[in-house]
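The values are calculated or read from the model by the stated rules, or taken from the named source; none is laboratory data. Treat the numbers as computed from the prediction; the structure is a model and nothing was measured. Here the Cβ is made from the backbone with ideal geometry for all residues, glycine too, and neighbour counts use every protein chain on show.
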Amino acid sequence: MIVLDTNALMMPVECNVRVFEELDRVLSGVVDAGRDYVVPEAVRDELEKLADGAGAEATAAAVGRDLLERCSVVDTEADYADDAVLELATRPDATHAVTNDKPLKRRLLDAGVPVISLRGRNKLGITQP
């Protein structure tokens, strides 16, 4: 199970990253085929709220909302998106989390979760805890 944060789903617009193609590339040989991409409900809700706005952020969130079709949306006890990502990413069946949020990345690494984030202009890389 790979857990995605809000900004991971907004990467196609904000960072010109084809996020699922990059995840396939980065995870090739690391995680078996048939990867399960998971998003907490709090992330879905955050994308909905951001997409209702205006400007580039709203456009990025709308694209991220469309990408949810490739993910399973999962209920968590946490209402705050970052806490929900951490909650899911520390479950035994989770293998990685995807985020560019530096404070969340630090929390995930401190909890022993490998983090996939932007490396360079439009490539993803894995940081091990």
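General observations
- Verdict on Ala54 being modelled with pLDDT under 95 and out of contact with any Gly (no Cβ under 6 Å at 6 or more places or on another chain): yes
- Considering residues of segment 93-127 that are assigned to a loop (DSSP other than H, G, I, E, B) and at pLDDT below 95 only, the residue farthest from Glu21 (Cα to Cα): Asp93
- Boolean, Asn16 is surrounded by fewer than 19 Cβ atoms within 10 Å (Cβ to Cβ), within 21 Å of Lys123 (Cα to Cα) and at pLDDT below 95: yes
- Residue within segment 40-53 that is of a type in the set (Lys, Arg) and outside any helix (DSSP H, G or I) present: no
- When residues of segment 62-92 are limited to those that are surrounded by 15 or more Cβ atoms within 10 Å (Cβ to Cβ) and touching a Phe, Trp or Tyr at 6+ places or on another chain (Cβ under 9 Å), the one nearest to Pro12 (Cα to Cα): Leu67
- Val38 vs. criteria among the hydrophobic types (A, V, I, L, M, F, W, C), at pLDDT 95 or above, surrounded by 13 or more Cβ atoms within 10 Å (Cβ to Cβ) and under 14 Å from Ile2 (Cα atoms): yes
- Pick from segment 73-92, criterion under 21 Å from Val31 (Cα atoms) and outside any loop (DSSP other than H, G, I, E, B), ranking: nearest to the chain's Cα centre (by Cα): Val85
- Residues of segment 19-30 satisfying the condition of being surrounded by fewer than 13 Cβ atoms within 10 Å (Cβ to Cβ) and part of a helix (DSSP H, G or I): Glu21, Arg25
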